[in-house]
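Engineer: Quick one: structure below, then a few questions.
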Amino acid sequence: MAYETRQATGRSCPSGSRGVRQGTGGAPQMRREAVQLVRQAVGAGRWAYVLVNNRCEGNAPLTVQALSEMLRGQ
């Protein structure tokens, strides 16, 4: 889902992804979209901030770890 659509609808997570817990793979589409947005911002010479909480995947530290690994290409 595009950033503008998320902003307009107030949705930060794909439907049905709330409450995902450790070991289930999280919300892969949301992760890919977040990484894509970060890469676009950095590619345009801008700062990128990603705010993460437990609402989407249920475990913010693991979400941050997964996004970090994706950004590093691991």
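Condition check ((1) under 11 Å from the mean Cα position of the chain (by Cα); (2) modelled with pLDDT under 95; (3) in a helix (DSSP H, G or I); (4) of a type in the set (A, V, I, L, M)) across all residues:
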| site | (1), (2), (3), (4) |
| --- | --- |
| 6 | no, yes, yes, no |
| 14 | yes, yes, no, no |
| 17 | no, yes, no, no |
| 21 | no, yes, no, no |
| 26 | yes, yes, no, no |
| 39 | no, no, yes, no |
| 46 | no, no, no, no |
| 54 | no, yes, no, no |
| 68 | yes, no, yes, no |
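Engineer: Further, regarding this structure: Filter the stretch 56-66 for residues that are outside any loop (DSSP other than H, G, I, E, B) and not hydrophobic (A, V, I, L, M, F, W, C) and give the result.
Structural biologist: Answer for the stretch 56-66, where residues must be outside any loop (DSSP other than H, G, I, E, B) and not hydrophobic (A, V, I, L, M, F, W, C): 61, 63, 65.
Engineer: On to the next question. Give me the pairs, please: first residue somewhere in the stretch 46-74 and touching a residue at least 24 places away in the same chain (Cβ under 8 Å), second residue anywhere and in a helix (DSSP H, G or I) and among the polar types (S, T, N, Q), beta-carbon distance under 8 Å, and either six or more positions apart or on two chains.
Structural biologist: Listed by first residue and then by second, the contacts come to 56/63; 57/63.
The values are calculated or read from the model by the stated rules, or taken from the named source; none is laboratory data. This one's a predicted model, so the numbers in the text were calculated from it and none came from an experiment. Every residue, glycine as well, gets a Cβ built from its backbone with ideal geometry; the counts of neighbours run over all protein chains shown.
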